[in-house]
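The values are calculated or read from the model by the stated rules, or taken from the named source; none is laboratory data. Nothing here was measured: the structure is a model prediction, and the numbers come from that model. Reconstructed Cβ throughout: ideal geometry from the backbone, glycine too, with neighbour counts over all protein chains shown.
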Amino acid sequence: MILRSPKSLVLPVVAALGLLPATAAVAATAGTATTTATTATAISWAACTGLPVPTTGLECGKLTVPLDHDRPNPGTVDVAVIRAKATGTRTGSLVMNFGGGGDGVVILAATHQKYAALREHYDLVSFDPRGSGDTSPMACGSDATIDRLFAVNPGVRNPADRKAFLRETAAFARECEKGSGKLLPHAGMGDTARDMDRLRAALGENKLNYYGLSLGSVLGGVYATLHPQRAGRIVLDAGLNPRQSVVEVEKQLVRTSQLSYEDFLAWCVEKGCDLGKDTKEANSAVEGLIEQLKRKPLKVGDRRLGASSAITTLVGAGNGVEYWKELETRLAQAIKGEGKPLLDLADGMLGRQDNTYDPFGIFGSVPYNSGVYCRDRERPAVRDLPRIEAELTRISPIFGQLSPTTAFLIPVCAQWPVPVDPEGRTVKHTGPAPIVVISSEKDTAAPTQEAAKLARQLTNGVLVTYGGNLHGAYPAGGPCIAGVVEGYLLNGKVPAKGTSCPAA
């Protein structure tokens, strides 16, 4: 999952991690290479319209794929696609996936300028994976349902809180089933990988050249496993281990949120903190506020500031100093009994306005990520949730609590209405093409040890490390990383084993 907003579509990562067009069905079982030819269907390209970012010079289109690639009769899905055509001598198409949340169309529209070196020779192409953006988005999480989720206390250790929280979480899952029941059994990475092969064929490419970030690294690995002979030059940035369970994924994200929060506290104390004279006192003040809000939410007009909304504002600590200034002030006001400023900050994070939630708010990626992770990954049982939460709160007393914006996949997947399919977490590439996996050594959301596991699962994966903390080292990681990525994607130069780039 990625914190997103219409003004800045890719902000610091807080959960993961946050993924076309045809007539011939492509069938494969988990871990089995697909060799059936894919029939290309043309994409009708036209100027992009209706996106919340400038789209001058970009083209958009739709491509129809089977809902079920094994059985074409149940229906189809129209996949939204976008293209930024090559500015120089074109050598082919580069498909890009930006990770959790999907929404590849909007993200490429907002960020294509960053990839000018690649665009000189490639048409940059992205798409909204099924269940996201404008590709049959998951119809769950109505505004009223989200309001109720934030109105109940987070956490499941207290029996009364557990009953209320699981009731509202189950209501969210039921909405997903009611609104997207046909899609849920076909929302995993295996399905999206087959869609991506249809896209490759529609673009007229014999092999898929691909850049995948974060959860997009898993998609690239699954694609290469299902279609080993059609894997071209592939780079997987902020590599993730597809075999991690839902609980293991959320543990990583809890650690990430806790570290960002600790950075906020350290900054606050260093400059003179309204919350306390040292980090211990400031943290006690924040934790005390959350516990107080559980007992008695602060009234704000006809609404209330509850503990889950307060925790949501703390999740935003990864956004840096400018956000910290607002966070400190509004936390201090809430501690004094004035709840509106902090609730307004939570609403801004969630994109809540006029009783509706913007799909690019922090909760906006939850439906898509639920569809993917709950379909693909090992997931917990409801009876185990108190024990799991106890483990998480040992990592972070605040972010280890199950809430709508912290570790929410755990209770949702425990109550998900369709069974797990391991295909979307099965990576074992046996084709001839090397695959480059990049890991930032200080990226707690995508630890190097997990990226190394992905590289090993690829059999011929080549791991490159970056000394910084970027979630996605390219292109911001400097000339060394740029040389690795562009050297391989543009010229086929495979980096040497053990390549490491210093932090920029």
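Counting the residues of segment 435-455 that are under 19 Å from V484 (Cα atoms), part of a helix (DSSP H, G or I) and not aliphatic (A, V, I, L, M) gives 1. Any residue in segment 85-100 that is within 29 Å of L240 (Cα to Cα), at pLDDT below 95 and either touching an Asp or Glu at 6+ places or on another chain (Cβ under 6 Å) or outside any loop (DSSP other than H, G, I, E, B) (or both)? Within segment 85-100 (the criterion being within 29 Å of L240 (Cα to Cα), at pLDDT below 95 and either touching an Asp or Glu at 6+ places or on another chain (Cβ under 6 Å) or outside any loop (DSSP other than H, G, I, E, B) (or both)), the answer is no, since none of the residues qualifies.
Close Cβ contacts (under 6 Å, 6 or more residues apart or on different chains) running from residues in segment 295-318 that are over 24 Å from S257 (Cα atoms) to residues that are hydrophobic (A, V, I, L, M, F, W, C) and assigned to a helix (DSSP H, G or I) comprise V300/L343.
Scanning segment 434-477 for residues that are surrounded by fewer than 19 Cβ atoms within 10 Å (Cβ to Cβ) and of a type in the set (A, V, I, L, M) gives A452, A476. Restricted to segment 174-276, the set of helices (runs of 4 or more DSSP H) holding at least 1 residues that are of a type in the set (D, E) comprises 189-202, 246-271. Which numbered condition in (1) closer than 24 Å to P422 by Cβ; (2) of a type outside the set (S, T, N, Q); (3) surrounded by fewer than 24 Cβ atoms within 10 Å (Cβ to Cβ) is the only one that L219 fails? So L219 meets the others, but not (3). Taking segment 30-50 as the range and being part of a loop (DSSP other than H, G, I, E, B), hydrophobic (A, V, I, L, M, F, W, C) and either touching a strand residue (DSSP E or B) at 6+ places or on another chain (Cβ under 7 Å) or modelled with pLDDT of 90 or more (or both) as the test, the residues that pass are I43, W45, C48. If you go through segment 478-504 and keep only what is surrounded by fewer than 12 Cβ atoms within 10 Å (Cβ to Cβ) and on the phi > 0 side of the Ramachandran plot, you end up with G492, G498. Just one residue in the set R157, R167, R119 is surrounded by fewer than 20 Cβ atoms within 10 Å (Cβ to Cβ) and closer than 27 Å to R375 by Cβ; that residue is R167. Among the residues making up segment 40-80, a single one is within 17 Å of L124 (Cα to Cα) and basic (K, R): K62. Checking P432 against (1) outside the structural domain of L118 (by TED's automatic domain parsing); (2) part of a loop (DSSP other than H, G, I, E, B); (3) over 20 Å from the mean Cα position of the chain (by Cα), only one condition comes out false. Which one? Only one criterion is unmet by P432, namely (1). When R304 is tested against (1) out of contact with any Cys (no Cβ under 9 Å at 6 or more places or on another chain); (2) assigned to a helix (DSSP H, G or I); (3) under 29 Å from R162 (Cα atoms), only condition (2) is not met.
Pairs meeting the criteria (first residue in segment 441-465 and among the aromatic types (F, W, Y), second residue in a loop (DSSP other than H, G, I, E, B) and surrounded by 20 or more Cβ atoms within 10 Å (Cβ to Cβ), beta carbons under 7 Å, at least 6 apart or on different chains) are lacking.
Listed by first and then second residue, the pairs linking a residue in segment 139-151 that is on the phi > 0 side of the Ramachandran plot and crowded, with 16+ Cβ neighbours inside 10 Å to a residue that is part of a helix (DSSP H, G or I) and of a type outside the set (K, R), with Cβ atoms under 6 Å apart and 6 or more places separating them unless they lie on different chains, are G141/F172; G141/P367. Close Cβ contacts (under 6 Å, 6 or more residues apart or on different chains) running from residues in segment 366-393 that are modelled with pLDDT of 95 or more to residues that are of a type in the set (F, W, Y) comprise C374/W416. Residues in segment 256-315 that are over 29 Å from N355 (Cα atoms) and among the hydroxyl-bearing types (S, T, Y): T256, S260, T279, S284. Would it be correct to say that L108 is more than 27 Å from L402 (Cα to Cα), in contact with a His (Cβ under 7 Å, 6 or more places away or on another chain), assigned by TED's automatic domain parsing to the domain that holds I481 and among the hydrophobic types (A, V, I, L, M, F, W, C)? So L108 does not fit the description; no.
Candidates V106, V53, V77: the one that is touching a Leu at 6+ places or on another chain (Cβ under 9 Å), over 16 Å from G212 (Cβ atoms) and in a strand (DSSP E or B) is V77.
Among residues of segment 277-297 being more than 32 Å from the chain's Cα centre (by Cα) and outside any helix (DSSP H, G or I), the one that is surrounded by the most Cβ atoms within 10 Å (Cβ to Cβ) is D278.
Screening segment 121-173 for residues that are in a loop (DSSP other than H, G, I, E, B) and more than 24 Å from the chain's Cα centre (by Cα) and picking the one that is farthest from G88 (Cα to Cα) gives N158.
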